[in-house]
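The values are calculated or read from the model by the stated rules, or taken from the named source; none is laboratory data. No experiment lies behind these values; they were computed from the predicted model shown. All Cβ positions, glycine included, derive from the backbone under ideal geometry; neighbour counts span all protein chains shown. For accessibility, only protein heavy atoms count, side chains too; no ligands or nucleic acids. Shrake-Rupley method; radii C 1.70, N 1.55, O 1.52, S 1.80 Å.
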Amino acid sequence: GRLVVLVSGSGTNLQALLDACADPGYGARVVAVGSDRDGTEGLARAERAGVPTFVERVGDHHSRDAWDEALAATVASYEPDLVVLAGFMKLVGEPFLAAHGGRTVNTHPALSPSFPGMHGPRDALAHGVKVTGATLFVVDAGVDTGVILAQSAVPVRDDDDVETLHERIKAAERAMLTDTVGRMVREGFTVEGRRARLG
Ligand code: GRF
């Protein structure tokens with residue numbers, strides 16, 4: 001399966017996918033990596049792996065919809081079977097979802113529906129939950145509201161701060177992401193209402 005991965009930051013989730021794709025049995029390869037900003041470590045990881053990259057900056061477009069459409073067109077040019085948002089810090093809108101909805105997944109560092117948005121680990125810590133984790137879902141027009149494909153739970157420790165908690169989440173997140181994406185490309189998946197099934 002052909003994966004296009006969108007990143008905004010360090011790209012450790014992307015790196016996990018690149019490493020998983022190195023196994024011929026995994027059944028997928030990353031055909032392009034895109035970002036909303038230049039010079040991120042995630043783009044550097046793609047370049048080191050010899051994977052084509054592209055940047056689509058919101059500021060380069062006269063409207064948010066124009067950016068959405070440009071991003072959708074660039075992604076489409078790589079003919080993805082699956083688009084993976086992995087630490088991508090922009091919401092994709094209707095123009096993008098019109099083109100790639102239903103085959104775009106996003107990973108979020110919390111157990112949805114808890115703690116949507118930009119600060120999942122911080123919000124979980126502040127709330128005092130004892131268990132949090134990561135969620136992989138099919139992207140819809142909401143903020144981290146899509147149909148859930150997989151989740152992975154981690155304990156919150158009494159001495160955690162946001163960084164130590166997020167690192168523990170990210171270790172579980174990488175495994176969840178690579179395992180689930182691999183199964184999706186090899187076995188397929190179906191969504192009925194709010195329930196997704198692999199295979
Ligand atoms: C991940 O935990 C992702 O879920 C969240 O930010 C982190 C990005 O990490 N949105 P990386 O860029 O994959 O290292």
Between helix 12-21 and the chain, what is the angle of the helix's C-alpha long axis to the longest principal axis, kept within 0 to 90° and rounded to the nearest 10? 70
Once amide hydrogens are built 1.01 Å from N within the peptide plane, the residues lying 5 or more places from Glu56 or on another chain with amide H under 5 Å from its amide H are Ser35, Asp36, Arg37
Area of Leu43 that stays accessible when all protein chains are in place (1.4 Å probe, Å², to 10): 10
Rank Asp159, Asp60, Asp23 by mean-square fluctuation in a GNM of the chain with C-alpha springs under 10 angstrom and give only the top-ranked residue. Asp159
Per residue of the chain, what 222 nm ellipticity follows from adding -39500 (n - 2.57) for every DSSP H run with n ≥ 4, rounded to the nearest 500? -11000 deg cm²/dmol
Over all directions, the average projected area of the alpha-carbon convex hull for the stretch 33-144 comes to how many nm²? 7.8
Please work out the FRET efficiency for the pair Leu97 and Met118, using the Cβ-Cβ distance as r and a Förster radius of 22 Å; give the result to the nearest 0.05. 0.65
Given the options Thr180, Thr132, Thr164, which has the most mean-square fluctuation in a GNM of the chain, springs set between C-alpha atoms less than 10 angstrom apart? Thr164
Carbon plus sulfur fraction of accessible area for the stretch 1-105, probe 1.4 Å, in percent: 50
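Please work out the FRET efficiency for the pair Arg64 and Asp158, using the Cβ-Cβ distance as r and a Förster radius of 41 Å; give the result to the nearest 0.05. Mind showing how you got there, number by number?
On the way: r = 42 Å, r/R0 = 1.02.
Computed FRET efficiency for Arg64 and Asp158 comes out at 0.45.
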Distance (nanometres) between label positions extended 7 Å along Cα→Cβ at Arg195 and Glu47: 4.7
For Thr145, which sequence-distant residues (separation of 5 or more, or a different chain) have an amide H within less than 5 Å of its own amide H, given hydrogens modelled in the peptide plane? Asp140
Across bins of 10 angstrom width beginning at 0, how are the C-alpha pair distances of the chain distributed, in whole percent? 9, 37, 38, 15, 1
Which value, in Å² and to the nearest 10, is the accessible area of Asp65 when all protein chains are kept and the probe is 1.4 Å? 90
Over the stretch 139-199, the quotient of the Cα radius of gyration and 2.2 N^0.38 Å is 1.36
Can you give me the solvent accessible area of Asp161 with a 1.4 Å probe, rounded to the nearest 10 Å²? 70
Sequence order, the stretch 189-199: Karplus ³J(HN,Hα) from phi using 6.51 cos²θ - 1.76 cosθ + 1.60, θ = phi - 60°, Hz rounded, Gly and Pro as x, gives 7, 10, 10, 10, x, 9, 10, 10, 10, 8, x
HN-Hα J couplings of the stretch 175-183 from phi, Karplus 6.51/-1.76/1.60, θ = phi - 60°, integer Hz, Gly and Pro as x? 5, 4, 5, 5, 4, 6, 4, x, 5
